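Encoded as structure tokens, the structure appears first; notes follow it.
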Amino acid sequence: VAAVLLYMWFSGYLTATTSKVGSISTPEQFQVVAANLSANNGLRAYVQNTGSVTINITGIYVLNATTGNVICRLTISSPSNGYATIYPGSTVEIITSSSSCVSPGKAYELLFVTSSGTRYSTFVTASS
């Protein structure tokens with residue numbers, strides 16, 4: 001057995017196999033701490049990275065709270081134009097422009113999506 005392991009180590013098989021274990025990606029973890037959706041002022045949300053890897057929020061969608069159908073996509077205007085980078089342990093305020101696809105007093109589901117495809121949803125009632 002020792003001779004086989006020694007051969008595998010010399011041939012690079014064990015090195016290649018053990019290095020792959022370290023490259024398994026850590027899952028993204030985040031939560032929406034607070035969100036205010038307004039027909040006139042857009043979305044103001046506070047998103048916290050609760051994981052150990054940096055995340056990039058690249059999409060925010062407004063969904064029908066009952067059916068889950070997509071109504072519109074919101075464009076992130078702050079902190080960066082089009083996306084929000086959040087470092088581990090940090091909370092970032094995300095702002096979008098006004099949203100003509102929402103009506104005051106109506107409930108919506110907000111879907112936050114990262115560049116890696118991780119999703120988080122929360123429910124809000126739109127204000128004017």
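The values are calculated or read from the model by the stated rules, or taken from the named source; none is laboratory data. Everything numeric here is computed off the predicted structure, so don't read it as measured data. Here the Cβ is made from the backbone with ideal geometry for all residues, glycine too, and neighbour counts use every protein chain on show. Side chains included, ligands, DNA and RNA excluded: accessible areas come from the protein's heavy atoms. Shrake-Rupley method; radii C 1.70, N 1.55, O 1.52, S 1.80 Å.
Within region 68-111, whose backbone N sits under 13 Å from a point 7 Å along Cα→Cβ of residue 125? Output list for this probe position: 104-108.
Relative to its Kirkwood radius, the Cα radius of gyration of region 49-107 gives an Rg/Rh of 1.04. Taking all protein chains together, 54, 96, 75 sort by accessible area into 75, 54, 96, largest first [probe 1.4 Å]. Taking 17 Å as the cut-off, the amide N atoms of region 56-77 that come nearer than this to a point 7 Å along the Cα-to-beta-carbon line of residue 93 belong to 76-77. Spin-label model, residue 36/residue 101: points 7 Å from Cα along the beta carbon direction are separated by 2.2 nm. For residue 121, the accessible area of its heavy atoms, probed at 1.4 Å with every protein chain present, is near 50 square angstrom.
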